[in-house]
Amino acid sequence: MRTILFFLGSLVTVAIAAGVAPYPVPWRLAGGGLLLLLWAYGLAQAARGKLRPSSPVHLLPGHALLFLALGLVGAEAGRWAWLPVPVLTAALDLTDGHSLALPLYAILWLDLFALLHQVVALGRDLTGIPLLLWTVGVGAFATLYVVGGVRRRAKGVVR
């Protein structure tokens, strides 16, 4: 039941994010399409009983909201940087336990932190010292988070 609610809620979130994001229609279709492909992949994995609780597919609602947030703040570069996120998420889920999982994990999370940085920096119109402090803070936290995650995955703690 919990899985059904997750996928139903995710589908609603994807529809809202793709429907109201202030992007041109081709961008909304591309973003919504990628999110729907990730949704369908996760649903198929769940139907086969292969969707683990630690699967990155569970980040789907956050990916949809990030897509919406990037549009709301007008992050042009963020649109392009967001496009690989759903693909990297599915790839990370598929490669879990393989040597390719570690670089995919690092790339995905560093991209997500960079996108979050864009949303806040543009949304708050940061410049000068506040932008520098925000950038250093996000960079330091992202580095620690990714290094810790890679270490856990390399030791086999997270599967």
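Given the criteria part of a loop (DSSP other than H, G, I, E, B), within 25 Å of residue 106 (Cβ to Cβ) and of a type in the set (A, V, I, L, M, F, W, C), does residue 51 qualify?
Against the criterion (part of a loop (DSSP other than H, G, I, E, B), within 25 Å of residue 106 (Cβ to Cβ) and of a type in the set (A, V, I, L, M, F, W, C)), residue 51 qualifies.
Can you tell me which residues in segment 121-158 are surrounded by 12 or more Cβ atoms within 10 Å (Cβ to Cβ), outside any helix (DSSP H, G or I) and modelled with pLDDT under 95?
158
Contact list please: Cβ distance under 6 Å, first residue in segment 25-44 and farther than 10 Å from residue 64 by Cβ, second residue small (Gly, Ala, Ser) and part of a helix (DSSP H, G or I), pairs at least six apart or on different chains.
28/18; 41/90
A quick yes/no check of all residues on (1) under 14 Å from residue 36 (Cα atoms); (2) buried (at least 20 other Cβ atoms within 10 Å of the Cβ); (3) in contact (Cβ under 8 Å) with a residue 12 or more places away in the chain:
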position	(1), (2), (3)
64	yes, yes, yes
67	yes, yes, yes
78	no, yes, yes
96	no, no, yes
103	no, no, no
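Go through the residues of segment 74-82 one by one and say whether even a single one is touching a Phe, Trp or Tyr at 6+ places or on another chain (Cβ under 9 Å) and either of a type in the set (Val, Ile, Thr) or not in a helix (DSSP H, G or I) (or both).
yes
Please find, within segment 38-92, the residue that is nearest to the chain's Cα centre (by Cα) out of those that are closer than 17 Å to residue 26 by Cα and charged (D, E, K, R).
It comes out as 79.
Hey, residue 49 hits all of (1) of a type outside the set (S, T, N, Q); (2) free of Cβ contacts under 8 Å to residues at least 40 places away in the same chain; (3) touching an Asp or Glu at 6+ places or on another chain (Cβ under 9 Å) but one; which does it fall short on?
(3)
The values are calculated or read from the model by the stated rules, or taken from the named source; none is laboratory data. Please read these numbers as outputs of a predicted model, since none were measured by experiment. As a convention, Cβ positions derive from the backbone with ideal geometry for all residues, glycine included, and neighbour counts pool all protein chains shown.
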